[in-house]
1. Please report the carbon-and-sulfur percent of the accessible area for the stretch 73-123; probe 1.4 Å, protein heavy atoms only, DNA, RNA and ligands left out.
2. Taking a probe of 1.4 angstrom, what is the accessible area of M89 in Å², to the nearest 10?
3. Treating the angle as unsigned and between 0 and 90°, give the value, to the nearest 10°, between the Cα long axis of helix 50-62 and the longest Cα principal axis of the chain.
4. In Å², and per residue, what accessible area does the stretch 6-123 have when probed at 1.4 Å with the other protein chains present?
5. Summarise the accessible area of the stretch 1-53 (1.4 Å probe, protein heavy atoms) by the percent that is carbon and sulfur.
6. What are the lysines whose alpha-carbon lies under 28 Å from the alpha-carbon of K103, with same-chain residues fewer than 8 places away excluded?
7. What chymotrypsin sites (Phe, Trp or Tyr not before Pro) in the stretch 1-73 are in a loop by DSSP, with at most 10 other Cβ atoms within 10 Å of the Cβ?
8. If you compute Cα extents along the principal axes in Å for the structure shown, which of [x] 48, 39, 27; [y] 57, 37, 28; [z] 48, 35, 24 do you land on?
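The values are calculated or read from the model by the stated rules, or taken from the named source; none is laboratory data. If you're wondering where the values come from, they're calculated on a predicted model, not measured in any experiment. Every residue, glycine among them, receives a Cβ derived from its backbone with ideal geometry; neighbour counts consider all protein chains shown. Side chains included, ligands, DNA and RNA excluded: accessible areas come from the protein's heavy atoms. Shrake-Rupley method; radii C 1.70, N 1.55, O 1.52, S 1.80 Å.
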Amino acid sequence: MYLEIDFNSDEAFYVQLCNQIIIGIATSRLREGDALPSVRQLADEIGINMHTVNKAYSLLKQEGYIRLDRRYGAVVDIDADKRKAVNEMKKELLVILAKGSCKNISRKEVHALIDEIYAEYGE
């Protein structure tokens, strides 16, 4: 698994790490049951603090992307509660679409953008 932190970005390192893992799952580079590197190993590999990796893993667990197992470490475990995921997505989309509407981005442009993004995920 290849993860990279942009040290010049304003985005927090743990957020970058979470986003890259979520994209890895969505693009099937990471699959259900895949073990992620240990906190120490990943921190050393990408050059960040172990607490930052731990924070990312905790957030991913909370959001239902991984489970933390004492024997196996962090393991991809996608939340099966689709309704909960759809409701969370709807809340986020309400704000994103409102911002787009304020910038005069049309429904057609939004649909084209969604199709483009989903094409990257093999949908």
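1. Here it works out to 58 percent.
2. Probe radius 1.4 Å; accessible area of M89 about 110 Å².
3. Roughly 50 degrees between the two axes.
4. Normalised by residue count, the accessible surface of the stretch 6-123 is 76 Å².
5. Working: 1540 of 3260 Å².
Taking all protein chains in place, the stretch 1-53 shows 47 percent carbon and sulfur surface.
6. Hits, sequence-local ones excluded: K90, K91.
7. Y2, F7
8. For Cα extents along the principal axes in Å, the calculated option is [z].
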